[in-house]
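Below is one structure; the comments refer to it alone.
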Amino acid sequence: MSNIRVITLDLWQTLIIDRPELGRNRMGYRIKSTFDALKEAEENFTEEQITNGYISCYYECRDIREKGKDISFSDQIRLFIRCVDKGLLNRINKDTFVKIEVKYANSFYESPPKLIGGVKEMLATLKDHGYSLGLISNTAMTPGSIFRSYMESLGILHYFDHLTFSDEVLLAKPSPDIFFYSLGRLGSSPDEAVHVGDHLLLDVWGAQRVGMKTVWVENAENKSEEIVSDATILSVTDLPQVLDSLGSPTCIGN
């Protein structure tokens, strides 16, 4: 019988499914809204210049996260604006900055990912069985505040005892620190917890480094012979079936 009493879950591609075209739509909305806000402030940049700044910001943020750290969402917007033009941040006023920040964040709602079918029922089952639930998510281009609102609108926020978003704690998976932080907030030691996610490096390897059990939600684009989870499932909705068998590698799914 498993001694697991705490379950932490990834968000992207685990509970919600995103597609490349949705990400491209959000990017386009961010660039166009920034163009409009800067034009209103009499700062004339082409959409190409703003796109180049956006891409530069993306890679700088990715480099930060690869080191296990993150920056706040406001600092990400400051970085984005500086990547468009080094002196731009000093020239625009607070109202223009806020317009860019709000539109950048709310682009998520222009092309939101979809909740996986059966997730609500799965979370309800886990809570009925007495598990404490946490979420650990690298936020990337969307702030944790937006995810909280989105999860509430989906009817799943209330199932979670704690949510950890990288832009809020300035830590990112696979750093051990973000897992220890979350376990601390959940009042759990690593040997009482399992982490569930689709990314073998960020989720499985990251959680294994602190001594947690792991369940990999199989992802065809993300395979590794070096990283092996305690259990593998084809959908997060299969999770309740494997929790009592985490002592040895297991694969569940259709």
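If I take every Cα pair under 8 Å that is 6 or more residues apart in the stretch 107-254, average their sequence separation and divide by the length, what percent do I get for the relative contact order?
17
Highest GNM mean-square fluctuation, the chain, Cα pairs closer than 10 Å: which of ASN90, ASN44, ASN138?
Result: ASN90 has the largest fluctuation of those listed.
Report the extension gain between SER145 and SER224 in nm, rounded to one decimal, defined as 0.36 nm multiplied by the number of residues separating them, less their alpha carbon distance.
Values: separation 79, 0.36 × 79 = 28.44 nm, distance 3.27 nm.
Additional length available on full extension: 25.2 nm.
Using a 7 Å offset from Cα along Cα-Cβ at SER72, what residues in the stretch 169-196 end up with backbone N under 11 Å from the label point?
Within reach of a label on SER72: 169-170.
Efficiency by 1/(1 + (r/R0)^6): what FRET value for LYS32 and ASN52, r their Cβ-Cβ distance, R0 = 22 Å, to the nearest 0.05?
Once rounded, the FRET efficiency stands at 0.90.
I need to check one value: relative contact order of the chain, counting alpha carbon pairs closer than 8 Å and at least 6 residues apart, in percent.
24
Under a GNM of the chain (C-alpha, springs under 10 Å), which listed residue has the highest mean-square fluctuation: SER111, SER235, SER224?
SER224
Rounded, prolate or oblate: which one fits the stretch 90-181, using the alpha carbon gyration tensor with axes a ≥ b ≥ c (rounded when a/c is under 1.5, else prolate when a/b beats b/c, else oblate)?
Oblate shape, in that a/c is at least 1.5 and b/c is the bigger or equal ratio.
Per residue, how much accessible area does the stretch 18-177 show when a 1.4 Å probe rolls over the protein heavy atoms, in square angstrom?
Spelled out: the 1.4 Å probe surface of the stretch 18-177, per residue, equals 49 Å².
Say the cut-off is 30 Å between C-alpha atoms; which of LYS103/LYS223; LYS94/LYS114; LYS127/LYS173; LYS99/LYS127; LYS69/LYS99 go over it? Please report the intermediate quantities before stating the final value.
On the way: LYS103/LYS223 35 Å; LYS94/LYS114 34 Å; LYS127/LYS173 25 Å; LYS99/LYS127 40 Å; LYS69/LYS99 26 Å.
Too far apart for the 30 Å limit: LYS103/LYS223; LYS94/LYS114; LYS99/LYS127.
Would you please name the trypsin sites (Lys or Arg not before Pro) within the stretch 173-236 that are DSSP coil residues with at most 16 other C-beta atoms within 10 Å of their C-beta?
ARG209, LYS223
Please report, as a whole percent, how much of the solvent-accessible surface of the stretch 37-148 comes from carbon and sulfur atoms (probe radius 1.4 Å). Please report the intermediate quantities before stating the final value.
On the way: 2640 of 5620 Å².
That share works out to 47 percent.
Tell me whether the stretch 162-221 comes out rounded, prolate or oblate; compute the Cα gyration tensor, take square roots of the eigenvalues as a ≥ b ≥ c, and use a/c under 1.5 as the rounded threshold.
On the way: a/c = 1.94, a/b = 1.28, b/c = 1.51.
Oblate shape, in that a/c is at least 1.5 and b/c is the bigger or equal ratio.
Please give the FRET efficiency for ARG5 paired with ARG91, using the beta carbon to beta carbon distance and R0 = 45 Å, rounded to the nearest 0.05.
Numbers: r = 53 Å, r/R0 = 1.19.
So, using R0 = 45 Å, E works out to roughly 0.25.
Test of the criteria: in the stretch 41-87, which GluC sites (Glu not before Pro) are in a DSSP loop and have at most 14 other Cβ atoms within 10 angstrom of their Cβ?
GLU42
Cα gyration tensor of the stretch 102-254, axes a ≥ b ≥ c as square roots of the eigenvalues: rounded (a/c below 1.5), prolate (a/b > b/c) or oblate?
Rounded is the answer for the stretch 102-254, as its axis ratio a/c remains below 1.5.
Can you give the charge dipole size of the chain about its Cα centre, rounded to the nearest 20 debye, using +1 on the beta carbon of Lys and Arg and -1 on the beta carbon of Asp and Glu?
480
What size of dipole, in debye to the nearest 20, comes out for the stretch 139-211 about its Cα centre when the only charges are +1 on Lys and Arg C-beta atoms and -1 on Asp and Glu C-beta atoms?
With only Lys, Arg, Asp and Glu charged at Cβ, the dipole is about 80 debye.
The values are calculated or read from the model by the stated rules, or taken from the named source; none is laboratory data. Quick caveat: nothing in here was measured; it's all calculated off a predicted structure. Glycine also receives a Cβ, built like all others from the backbone with ideal geometry; neighbour counts cover every protein chain displayed. Ligands, DNA and RNA are stripped out before the accessible areas are found, and what is left, the full protein with its side chains, is counted by its heavy atoms. Shrake-Rupley method; radii C 1.70, N 1.55, O 1.52, S 1.80 Å.
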